[in-house]
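Participant: Before I ask anything, let me first share the structure, which is written out below as structure tokens.
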Amino acid sequence: MKKIKLFATNAHLFDKDGDTSKELNFMKKSIQVYKTKNQYKIITMYRTEAWSYIAGEPLYLLPLDISIQEFLKVILEGLNHSRSILELEVDKIWNNNKQLLKKIEAKSYDDLYKNSRSCDIYIEDKEITIKPNIYLDSKKGLQTDVESIVKIEFLEEKYLEIAKEIIKILN
């Protein structure tokens with residue numbers, strides 16, 4: 001997969017050369033961000049043809065004292081890797097699920113959920129949506145805290161505001 005250096009113009013992501021014919025589809029981009037007691041864990045999400053999301057790579061483990069600029073850079077990189085996948089790709093990603101847990105240093109998803117604060121981040125049209133999660137229990141897992149959802153216009157001049165809002169939600 002080609003790595004793309006991102007920049008935004010009027011809330012659209014493009015290749016670094018700014019060629020509008022290479023505009024990236026960011027209606028379907030999502031990541032999950034977790035904050036544990038000693039690090040941030042950012043997981044790339046893939047949207048299936050059934051419109052559900054599954055976790056996959058790349059993933060990022062970051063120290064809590066990371067600079068806001070570096071944090072933002074990783075958020076944008078994770079969103080850049082997110083994409084829609086075909087049903088035939090789903091099994092490949094699901095089969096790597098146990099490896100993913102090892103790489104993010106979690107015993108299970110339940111362990112990750114109950115020992116962290118988290119949010120789901122989506123780019124939809126011209127805004128980024130940050131959906132904080134609440135851990136319910138081991139059977140129900142995570143639920144979106146609907147009253148705390150934040151939507152911010154997805155413009156380059158608002159990138160730092162977006163990163164700060166994510167960190168605020170996770171604290």
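The values are calculated or read from the model by the stated rules, or taken from the named source; none is laboratory data. Owing to the predicted nature of the structure, the values given are computational and were not obtained by experimental measurement. Don't worry about glycine lacking a Cβ; one is built from the backbone with ideal geometry, like all the others, and counts go over all protein chains shown. Accessible surface is based on the protein model in full, side chains and every heavy atom, while ligands, DNA and RNA are left aside. Shrake-Rupley method; radii C 1.70, N 1.55, O 1.52, S 1.80 Å.
Participant: Looking at this structure, is Leu88 farther than 18 Å from Ser30 by Cα, open to solvent by 20 Å² or more (accessible area, probe 1.4 Å) and either of a type in the set (Asp, Glu) or modelled with pLDDT under 90 (or both)?
Facilitator: Taking the combined requirement at face value, the residue satisfies it.
Participant: Right, something else. Restricting to strands (runs of 3 or more DSSP E) lying wholly in segment 1-65: which have 2 or more residues that are under 25 Å from Asn171 (Cα atoms), at pLDDT 75 or above and of a type outside the set (Ser, Thr, Tyr)?
Facilitator: 29-35, 39-47, 53-63
Participant: For a quick check of your reading of the model, give me the residue pairs whose first member lies in segment 23-34 and is closer than 13 Å to Phe154 by Cβ and of a type in the set (A, V, I, L, M, F, W, C), whose second is at pLDDT 50 or above and open to solvent by 30 Å² or more (accessible area, probe 1.4 Å), with beta-carbon atoms closer than 8 Å and at least 6 apart or on different chains.
Facilitator: Met27/Glu124; Met27/Asp125
Participant: Right, something else. Take the residues in segment 50-78 that are of a type in the set (Asp, Glu) and within 15 Å of Gln39 (Cβ to Cβ), then tell me which one is most open to solvent (accessible area, probe 1.4 Å).
Facilitator: Asp65
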